[in-house]
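Have a look at the structure below before the remarks.
The values are calculated or read from the model by the stated rules, or taken from the named source; none is laboratory data. Worth saying up front: this structure is predicted, and the values here are computed from it rather than measured. Neighbour counts run over all protein chains shown; Cβ positions are idealised from the backbone, glycine included. Keep in mind that these areas ignore ligands, DNA and RNA; they rest on the heavy atoms of the full protein, side chains included. Shrake-Rupley method; radii C 1.70, N 1.55, O 1.52, S 1.80 Å.
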Amino acid sequence: MNFAQLAANIYLPWKYKFRSIVRSFSREYPRQYFKFNKAKRVIFDDKNHQNRLVNRTTLLTVEGFPRSGNSYMCKLIKEGNTSIRYKIANHMHHPMNIIISIENDINSVCMIRKPKDAIIANVAHFLSVNKNHLSSGKLLKQKPVPSFSDVLEHYLWFYNSLFNYRSKILFVPLTDLIENEENVLKRINSFHNLDLSYVKVDMEKAKSHMLPNHDRNKIKYELEEHFSTSSLPNLEEANLIYDQLSKPLSL
């Protein structure tokens, strides 16, 4: 065993344990977690990352469960509205970003994806990242791969946290964004009384994680088989939440 492997065996379990503690803390004490994260970003992060948390300059908040089209939505809005590029709170993947936005009368958009697709996409993402790190010898960058039930529990917690605020949030299904991005932008303008301009997203300039990926799709296909035989008692509840939050709005 070389030094890198030895270091990984010591370092990774503690790293995973710490992340697990942070995740639990963020769910039990969301406001305290938000304040902690804000302080951390002010001290350690650049301005772009600081602005991902809702703050006094925020004009619009775009959040959602991971792998639900968050980057695509942000790129769509920024593409034709460069003046608000750094005034969009996004990518915390935590409901507190939206809740605090609502409390401060800041318009909010929340991405949502069918539970099964979101679960498989999240597990596939971690497997794909670890595969790439292994192939390049980056043992210390391996990430813990969540189980289907872990992701489902997170999905339920995320959207249940926002359920009572749903009248003030525009929920956008990923399928709607893929099928007609211009219509989605019209929905945002109508729901929040905004005047955002539409410019078609240039997918050639999009970041790699937004685009179809052959290796990741192959992993998803393999996960589909495991998912069909998995016992997930709470999946029905997640499907019901998705149906309730993703109802199309009439313009």
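How high is the relative contact order of region 52-195? Use alpha-carbon pairs under 8 Å, at least six apart in sequence, and give a whole percent. Could you put the intermediate results ahead of the total?
Details: 184 pairs, mean separation 39.6, N = 144.
Averaging sequence separation for qualifying contacts and normalising by length gives 27 percent for region 52-195.
If R₀ is 30 angstrom, what is the calculated FRET efficiency for the pair Ser20 and Arg166, using the beta carbon separation as r and rounding to 0.05? E between Ser20 and Arg166, to the nearest 0.05, is 0.55. Rolling a 1.4 angstrom probe over the protein heavy atoms with all chains in place gives region 152-210 an accessible area of 57 Å² per residue.
Phi-derived couplings, Karplus 6.51 cos²θ - 1.76 cosθ + 1.60 at θ = phi - 60°, listed residue by residue for region 214-230: 4, 5, 5, 5, 5, 5, 4, 4, 5, 5, 3, 5, 5, 5, 5, 9, 7 Hz, with x used for Gly and Pro.
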